[in-house]
Amino acid sequence: MKVVAVINQKGGVGKTTTTTNLCHALAEVGYKVTAIDFDPQGQLAISLGIITQDIGGIDEAMLAKKTALQQVIRVRHNLALVPAGPRLKDIEQLLAAGQPKGMVLKTALGSYFADQDFVFIDCPPSSGFLIANALVVADQVLVPMTGDFLSLQGLSHLMATIRRFEKALKRRYKLAIVISRFASTRRMARQVLNIVLTHFPKQVLATIIREASALAECPSFGKTILEYSPNSRPANDFRDLAQDFLNDRVMSYDNK
């Protein structure tokens, strides 16, 4: 089992879109995947068709009310979801005094998902308690980012956070960057891509997820892009991205 934290402290960069569709693309080719909605907004669950907001999820597992396995919802073939739960937004205040707060998620997950190929954690746009817990359990960090200047600044701040955790935990994360919501006609987007490739060589996955209205539409139907528009360009982008992820296919100046 590999645990992948999908993180960017900046909002609006495609974290949930990436998690939803990449997880389904991996499940589609036969991998067993569990996605954890670790954002109190619960948008991953909505994107996968779970619209009931008052059901328990990873919040109950972190509070030791139920096991993480009891909170699993089978949402697609080979794809399971652990929802956020209504108490996730207040989880830090609800924990017992003296409990090691950085280990709460690790304790909650235990060995329940050892039979899964991948566990993806869709993280909130923040740098606090929830991100700390995700980084403690993660084997790999997946960073979606868009082709704009503020996204580039956000990446710089995120890398500083990751380096602090690497130093504290005495480990190195495998890092992969996904270029999402990309508009190739925008000069700024191309400039940002070049800067990222310069500073993060061999860490940008080869497939760019291009801007498409269908990607914004499909969550309102509770469908992934592979279901909503299975033969579309963005659906094929995510299928290609899944192969990039599996085979460590990265972008270079020669193939961008």
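Mind counting the residues in segment 114-140 that are farther than 21 Å from residue 18 by Cα and either within 15 Å of the chain's Cα centre (by Cα) or surrounded by 15 or more Cβ atoms within 10 Å (Cβ to Cβ) (or both)?
Total meeting the criteria: 2.
I'm told residue 223 meets every condition in (1) open to solvent by 60 Å² or more (accessible area, probe 1.4 Å); (2) under 24 Å from residue 194 (Cβ atoms); (3) touching a residue at least 40 places away in the same chain (Cβ under 8 Å); (4) not acidic (Asp, Glu) except one. Can you identify the failing condition by its number?
Status for residue 223: all satisfied but (2).
I want to confirm something. Restricting to segment 38-67 and keeping residues that are assigned to a helix (DSSP H, G or I) and under 21 Å from residue 136 (Cβ atoms), which single residue is nearest to the chain's Cα centre (by Cα)?
So in segment 38-67, the residues assigned to a helix (DSSP H, G or I) come out as 43-47, 58-62.
Those still in the list that are under 21 Å from residue 136 (Cβ atoms) too: 44, 58-62.
Details: 44: 9, 58: 15, 59: 18, 60: 21, 61: 20, 62: 19 Å.
Checking each candidate, the answer is 44.
Going by what's in this entry, would residue 234 be described as within 30 Å of residue 128 (Cβ to Cβ) and either free of Cβ contacts under 8 Å to residues at least 24 places away in the same chain or outside any loop (DSSP other than H, G, I, E, B) (or both)?
On the way: within 30 Å of residue 128 (Cβ to Cβ): no; either free of Cβ contacts under 8 Å to residues at least 24 places away in the same chain or outside any loop (DSSP other than H, G, I, E, B) (or both): yes.
Considered against the rule, which asks whether it is within 30 Å of residue 128 (Cβ to Cβ) and either free of Cβ contacts under 8 Å to residues at least 24 places away in the same chain or outside any loop (DSSP other than H, G, I, E, B) (or both), residue 234 comes out as no.
Among the residues in segment 14-29, are any within 25 Å of residue 216 (Cβ to Cβ), acidic (Asp, Glu) and at pLDDT 95 or above?
yes
Would you be able to tell me the number of residues in segment 38-61 that are of a type outside the set (Val, Ile, Thr) and either closer than 15 Å to residue 120 by Cβ or open to solvent by 60 Å² or more (accessible area, probe 1.4 Å) (or both)?
Total satisfying the criteria: 11.
Within segment 1-37, take every residue that is in a loop (DSSP other than H, G, I, E, B) and small (Gly, Ala, Ser) and give me the one that is least open to solvent (accessible area, probe 1.4 Å). Talk me through it step by step, then tell me what you get.
To start, the set of residues in segment 1-37 that are in a loop (DSSP other than H, G, I, E, B) comprises 1, 7-14, 29-32.
Cutting the leftovers down to small (Gly, Ala, Ser) gives us 11-12, 14, 30.
Details: 11: 37, 12: 51, 14: 13, 30: 46 Å².
The qualifying residue least open to solvent (accessible area, probe 1.4 Å) is 14.
If I ask for residues that are surrounded by fewer than 18 Cβ atoms within 10 Å (Cβ to Cβ), of a type in the set (Gly, Ala, Ser) and assigned to a helix (DSSP H, G or I), which ones from segment 167-209 would you list?
Across segment 167-209, the qualifying residue is only 168.
Considering only segment 62-80, state which residues are in contact (Cβ under 8 Å) with a residue 40 or more places away in the chain and open to solvent by 50 Å² or more (accessible area, probe 1.4 Å).
Once the filter is applied, which keeps residues that are in contact (Cβ under 8 Å) with a residue 40 or more places away in the chain and open to solvent by 50 Å² or more (accessible area, probe 1.4 Å), segment 62-80 yields 64, 69, 77.
Of a type in the set (Asp, Glu), on the phi < 0 side of the Ramachandran plot and open to solvent by 10 Å² or more (accessible area, probe 1.4 Å): does that describe residue 148? Full working, then the answer.
Numbers: of a type in the set (Asp, Glu): yes; on the phi < 0 side of the Ramachandran plot: yes; open to solvent by 10 Å² or more (accessible area, probe 1.4 Å): yes.
For residue 148, the condition - of a type in the set (Asp, Glu), on the phi < 0 side of the Ramachandran plot and open to solvent by 10 Å² or more (accessible area, probe 1.4 Å) - is met.
Return yes when residue 30 is under 17 Å from the mean Cα position of the chain (by Cα) and on the phi > 0 side of the Ramachandran plot and no when it is not. Steps first, answer last, please.
Details: under 17 Å from the mean Cα position of the chain (by Cα): no; on the phi > 0 side of the Ramachandran plot: yes.
Judged against the criteria, residue 30 is not a match.
Please work out which one of (1) out of contact with any helix residue (DSSP H, G or I) (no Cβ under 9 Å at 6 or more places or on another chain); (2) of a type outside the set (Asp, Glu); (3) under 29 Å from residue 59 (Cα atoms) is the condition residue 135 fails and give its number.
Exception for residue 135: condition (1).
The values are calculated or read from the model by the stated rules, or taken from the named source; none is laboratory data. Every value quoted in this text rests on a predicted model; they were computed, and no experiment measured them. Positions of Cβ are generated from backbone atoms using ideal geometry, with glycine treated the same way; all protein chains shown enter the neighbour counts. Quick note on the areas: whole protein, heavy atoms, side chains included, nothing else; ligands and nucleic acids left out. Shrake-Rupley method; radii C 1.70, N 1.55, O 1.52, S 1.80 Å.
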